[in-house]
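Working notes for the structure below.
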Amino acid sequence: MQVNVRLFATFRENREKEMMMDLAQGATPRDVIEYLNIPEEEVAIILINGRHQELGTALQDNDTLSLFPPVGGG
């Protein structure tokens with residue numbers, strides 16, 4: 001299945017900001033994070049098709065997965 005993966009803020013460093021990934025059926029955001037070598041504890045927000053989800057949520061074909069690190073500001 002194909003999933004569009006969008007990375008934000010520091011996750012874009014040395015990576016594409018958006019990419020299509022071929023994943024096995026039943027893959028989860030945790031699998032994508034592991035594949036991209038992003039430490040799990042650095043992921044603060046996970047969106048699938050614009051809705052907040054958890055690391056273990058199963059992805060579906062043509063989903064859009066967005067990953068955000070903790071956001072700070074002042």
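Can you give me the number of residues within the stretch 40-74 that are in contact (Cβ under 8 Å) with a residue 40 or more places away in the chain and either among the charged types (D, E, K, R) or surrounded by 13 or more Cβ atoms within 10 Å (Cβ to Cβ) (or both)?
Residues meeting the conditions: 10.
Among the residues of the stretch 1-40, which ones are of a type in the set (S, T, N, Q) and farther than 15 Å from GLN60 by Cβ?
Those that are of a type in the set (S, T, N, Q) and farther than 15 Å from GLN60 by Cβ: THR10, ASN14, ASN37.
Among the residues of the stretch 39-74, how many are closer than 15 Å to VAL3 by Cβ and either aliphatic (A, V, I, L, M) or part of a strand (DSSP E or B) (or both)?
Summing the residues that are closer than 15 Å to VAL3 by Cβ and either aliphatic (A, V, I, L, M) or part of a strand (DSSP E or B) (or both) in the stretch 39-74 gives 11.
Return the residues of the stretch 1-34 that are part of a strand (DSSP E or B), under 18 Å from PRO70 (Cβ atoms) and either in contact with a Pro (Cβ under 9 Å, 6 or more places away or on another chain) or open to solvent by less than 60 Å² (accessible area, probe 1.4 Å) (or both); say none if nothing qualifies.
Of the residues in the stretch 1-34, the ones part of a strand (DSSP E or B) are 2-7, 18-22.
Narrowing the set further to residues that are under 18 Å from PRO70 (Cβ atoms) leaves 6-7.
Correct list: LEU7 only.
The values are calculated or read from the model by the stated rules, or taken from the named source; none is laboratory data. Just so you know, these numbers come straight off a predicted model, no measurement behind them. Note: ideal-geometry Cβ built from the backbone for every residue, glycine included; neighbour counts use all protein chains shown. Surface accessibility is based on the protein's heavy atoms, side chains included, excluding ligands, DNA and RNA. Shrake-Rupley method; radii C 1.70, N 1.55, O 1.52, S 1.80 Å.
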